Amino acid sequence: MPTALALLALAVAVAALVVALRSARGASGGDREAGDVAALPADVLGLRREVAALRAEGADALRHLAVVRYDAFGDVGGGLSWSLALLDDAGSGVVLSSIHGRAEARTYAKSISGWTCEQPLSPEEQEAVDGARPR
């Protein structure tokens, strides 16, 4: 039920936006070109600025991630070892790995910049970095 209400609210908002844009075109004579940003209403320009700011802010977020689970040693099963890549839009971030053995577990972190690492990556770490890259 909440999903239906959300969809209804979205449809009403889109309809209101269409009506507002049509009335703005009618008030200005409708001869405005699509690229004429100066002729847009102030609220539309404000929304464009907000969207641009959100896109710039989101570019630095660690929003691309991938996890690879594997068995690091032949005598330990269950896929308890893992590598996790957390990267931003430019491919900068970190790859974390946890290697689980019978008696201990070790955790490693390696810095990633531009989708590459100065230190050698294990095949599983490279697979995590490759998996986090947007397609």
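Only the coordinates and a few stated rules stand behind these numbers; no lab work does. These figures come from a predicted structure and were not determined experimentally. Cβ coordinates were reconstructed from backbone atoms using ideal geometry, including for glycine residues, and neighbour counts include every protein chain displayed.
If you plug each phi of the range 67-77 into the Karplus form 6.51 cos²θ - 1.76 cosθ + 1.60 with θ = phi - 60°, what whole-Hz ³J(HN,Hα) values come out, in order, with x for Gly and Pro?
10, 10, 9, 7, 9, 6, 10, x, 8, 10, x
In whole Hz and in residue order, list the ³J(HN,Hα) couplings for the range 117-127 that follow from phi through the Karplus curve 6.51 cos²θ - 1.76 cosθ + 1.60, θ = phi - 60°; x for Gly and Pro.
Working through the residues one at a time gives 10, 5, 8, x, 9, 5, x, 5, 5, 5, 5 Hz.
Over the range 64-132, what portion of Cα pair distances is larger than 14 Å, expressed as a whole percent? Walk me through the numbers before you get to the answer.
Details: 1235 of 2346 pairs.
When every Cα pair of the range 64-132 is considered, 53 percent fall beyond 14 Å.
Could you pull out the trypsin sites (Lys or Arg not before Pro) across the range 32-133 that fall in loop regions by DSSP (anything but H, G, I, E, B) with no more than 11 other Cβ atoms inside 10 Å? Display every interim value, and only then the final one.
Working: sites: 32, 48, 49, 55, 63, 69, 102, 106, 110; in loops: 32, 63, 102.
Loop-located and lightly packed - 102.
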